[in-house]
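Taking it in order: structure first as structure tokens, then the write-up.
The values are calculated or read from the model by the stated rules, or taken from the named source; none is laboratory data. As the structure is a computational prediction, the values presented were derived from the model and not from experiment. Quick reminder, even Gly has a Cβ in these numbers, built from the backbone with ideal geometry, and neighbours come from all protein chains shown.
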């Protein structure tokens with residue numbers, strides 16, 4: 001009960017602990033007072049994004065970590081990650097064992113993602129099934145299926161305690177009946193894209209059998225191309241495939257191979273998370289493929305040096321000769337990772353902004369289709385490319401070489417899918433959400449990004465509110481109908497940005513000039529401020545989710561913390577939520 005009260009306080013203060021485990025729970029033996037300690041990695045944002053990194057350096061304790069905290073779920077981290085860790089703690093308390101007892105980091109991550117732990121009462125028959133059900137609900141793989149409030153959990157535990165005190169036993173009952181969340185949360189779930197996700201997974205199955213394939217995902221900005229592709233991340237990783245991704249930048253087209261480099265730096269990070277024995281095998285295979293030219297690839301993917309060691313300088317070439325050597329070496333490099341044991345899925349986002357060198361490399365890779373086990377997924381805005389666009393000309397050339405190319409074109413969400421999104425957000429039934437859904441569909445024309453931002457704006461403007469007396473969400477439909485909100489997503493986002501403090505708007509304008517991703521040091525130089533002052537100016541945009549920190553270093557710049565010692569060797573990178581921002 002005391003832990004539930006503590007979690008409720010954290011929830012109210014919008015703090016995510018991220019490392020709940022027995023070692024961080026102290027109990028005074030005399031007073032029975034319970035304290036939760038070690039907030040060293042706690043999040044000060046209501047929501048964080050965890051990137052895919054080496055399990056050995058993940059924040060938190062692997063045995064208790066939630067699936068989304070592993071960075072392999074394509075899901076943000078919010079307060080419900082602590083509920084999962086609490087569930088593991090309760091599991092260990094009631095059974096004497098951990099739900100997943102492995103000591104191997106990658107195996108533990110796989111268990112949290114894909115395996116269901118044995119039920120508590122199956123391990124310890126003395127535990128009533130309803131307590132077992134409460135623990136299982138806490139440990140649900142998807143955050144939406146867990147308890148949504150600490151008070152809802154506390155109610156169920158108090159019910160168990162009351163029964164035990166009055167009758168000496170605990171009978172089963174429906175859990176979660178008082179579990180109501182008063183925080184406005186738009187679910188991470190994907191709506192209305194089941195067919196498209198299925199098509200991508202079928203393509204992965206073909207590639208797993210030895211095929212090479214390009215799958216294009218086309219559609220307007222904000223229609224959900226990136227979200228659809230990211231949805232296949234978890235099932236691919238679960239089947240031991242490698243999923244890597246890179247994104248072309250509208251303002252950095254002069255940098256060749258930018259998305260390829262991002263993707264393979266991502267892959268190097270995944271390889272470095274593996275055991276020493278596996279790393280040695282990779283080292284041998286990579287050196288065998290690259291020969292004496294390993295330095296050519298290290299120059300664009302520095303992380304490779306941590307796997308294969310320092311390499312001798314490569315022979316200097318220039319112009320076309322250097323380009324041809326790089327393309328040939330990169331083809332050999334990729335072949336190392338396209339195997340029956342680990343098929344490779346490479347996602348290249350915003351292909352409409354790809355540079356000519358990248359398009360040429362993509363064509364060469366697809367022409368080598370006999371190597372197999374490679375799925376290249378490319379997302380692009382079909383309204384921004386004509387038949388004469390370099391991307392379309394490249395795809396035509398690839399098709400003529402008999403490579404397999406398939407295209408998924410995403411359209412606006414149906415009203416039914418929007419209705420499910422609204423109902424899940426407001427925790428109500430579909431009929432109750434229908435009227436608001438119709439208004440949102442009218443304004444946003446079914447664009448998923450616009451729809452979620454529109455919902456968020458309605459809440460921020462007080463048009464959607466939680467009624468604490470009635471215990472559910474309410475919206476003022478009459479007022480919403482009269483609100484003058486632009487039906488153009490760019491104008492709408494501009495109006496939302498104007499609600500930020502002026503100093504935050506000014507710093508975001510400079511950040512936007514740098515690109516979709518930017519680092520604090522560069523932004524501080526451009527804005528002629530200290531890094532600390534620049535980070536403070538960005539804080540409101542971080543809280544609103546308009547920009548996303550790419551590491552945990554942002555915490556050193558919050559409040560009165562002295563940052564000079566902690567951040568001198570760290571680079572703090574951010575990215576905008578979306579290109580439209």
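Here residue 505 does not qualify as surrounded by 13 or more Cβ atoms within 10 Å (Cβ to Cβ) and touching a strand residue (DSSP E or B) at 6+ places or on another chain (Cβ under 6 Å). Applying the condition of being surrounded by 16 or more Cβ atoms within 10 Å (Cβ to Cβ) and outside any strand (DSSP E or B) to the stretch 369-388 and asking which residue is farthest from the chain's Cα centre (by Cα) yields 369.
Going by what's in this entry, would residue 262 be described as modelled with pLDDT of 90 or more, surrounded by fewer than 16 Cβ atoms within 10 Å (Cβ to Cβ) and not in a loop (DSSP other than H, G, I, E, B)? Answer is no for this residue. Scanning the stretch 180-196 for residues that are surrounded by fewer than 17 Cβ atoms within 10 Å (Cβ to Cβ) and closer than 21 Å to residue 215 by Cα yields a total of 2. Do we find a residue being closer than 16 Å to residue 212 by Cβ and either surrounded by 18 or more Cβ atoms within 10 Å (Cβ to Cβ) or outside the structural domain of residue 216 (by TED's automatic domain parsing) (or both) anywhere in the stretch 299-318? No, there is no match, as no residue in the stretch 299-318 is closer than 16 Å to residue 212 by Cβ and either surrounded by 18 or more Cβ atoms within 10 Å (Cβ to Cβ) or outside the structural domain of residue 216 (by TED's automatic domain parsing) (or both).
To keep it simple, each residue is scored yes or no on (1) surrounded by fewer than 19 Cβ atoms within 10 Å (Cβ to Cβ); (2) at pLDDT 90 or above.
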| site | (1), (2) |
| --- | --- |
| 425 | no, yes |
| 433 | no, yes |
| 469 | yes, no |
| 481 | yes, no |
| 493 | no, no |
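Do the conditions hold for residue 482, that is, is it outside the structural domain of residue 143 (by TED's automatic domain parsing) and in contact with a helix residue (DSSP H, G or I) (Cβ under 6 Å, 6 or more places away or on another chain)? So residue 482 fails the test. Residue 572 satisfies every condition listed in (1) at pLDDT 90 or above; (2) in contact with a helix residue (DSSP H, G or I) (Cβ under 6 Å, 6 or more places away or on another chain) except (1). The conditions of being outside any loop (DSSP other than H, G, I, E, B), under 26 Å from residue 421 (Cβ atoms) and modelled with pLDDT of 90 or more are not met by residue 164.
Could you check, for the stretch 525-536, whether at least one of its residues is modelled with pLDDT of 90 or more, in contact with a helix residue (DSSP H, G or I) (Cβ under 9 Å, 6 or more places away or on another chain) and surrounded by 19 or more Cβ atoms within 10 Å (Cβ to Cβ)? Checked against the condition, which is being modelled with pLDDT of 90 or more, in contact with a helix residue (DSSP H, G or I) (Cβ under 9 Å, 6 or more places away or on another chain) and surrounded by 19 or more Cβ atoms within 10 Å (Cβ to Cβ), the stretch 525-536 yields at least one hit.
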